[in-house]
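Structure first, then comments.
Every read-out reported here was derived from the displayed coordinates using simple, explicitly stated rules and does not represent laboratory data. Everything quoted here is computed from the prediction, not taken from an experiment. All Cβ positions, glycine included, derive from the backbone under ideal geometry; neighbour counts span all protein chains shown.
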Amino acid sequence: MWEIAAFTRDLASIEEQTAVSAILETNLKAQKYGLALSEKDAREIMASRNYVLKSLGRVELGIDVINKIISVFCTSPYINQSDYTVIINDLVEGFYYMKNETRDKVDDDDLIALMKKYFDDRCHGSVELLLNRELGTLARYIREGRL
């Protein structure tokens, strides 16, 4: 029994390190915009994602969503190095909240593109406005069948 528990821990550690490495690969693009994540930042993003998924009762295999969010949002003129990790964490949380609120009716890529458009155009880089105003309105419209 002890061997199974140790194997499971080792496997989880390998999966986490693989995910962290994949997140760090986004630095190749983000560095062009003056942004970079450290290994500590990547681990924080994974921990935040795992917490959000658990709290929303969601299961997500892989980290494609995180990498897509980073790749799309690193081009925003409103994100700087000092708030980069916090904003990515908030955006990941907002993404999964929207997936729950809309019962997965919106494609991942479309949702990320809408979030970026609202973040840059309507919210001028305010995560609070994006999450509390724009995404709330979007979720309501989708639930009501207006979109």
Ranked by how many other beta carbons lie within 10 Å on average, peptides 38-44, 114-120 from highest: 114-120, 38-44
What are the lysines whose alpha-carbon lies under 19 Å from the alpha-carbon of LYS68, with same-chain residues fewer than 8 places away excluded? LYS29, LYS32, LYS99, LYS105, LYS116, LYS117
Given only helices, namely DSSP H runs of n ≥ 4 each adding -39500 (n - 2.57), what is the per-residue ellipticity at 222 nm of the chain, to the nearest 500 deg cm²/dmol? -20000 deg cm²/dmol
Tell me whether segment 2-143 comes out rounded, prolate or oblate; compute the Cα gyration tensor, take square roots of the eigenvalues as a ≥ b ≥ c, and use a/c under 1.5 as the rounded threshold. oblate
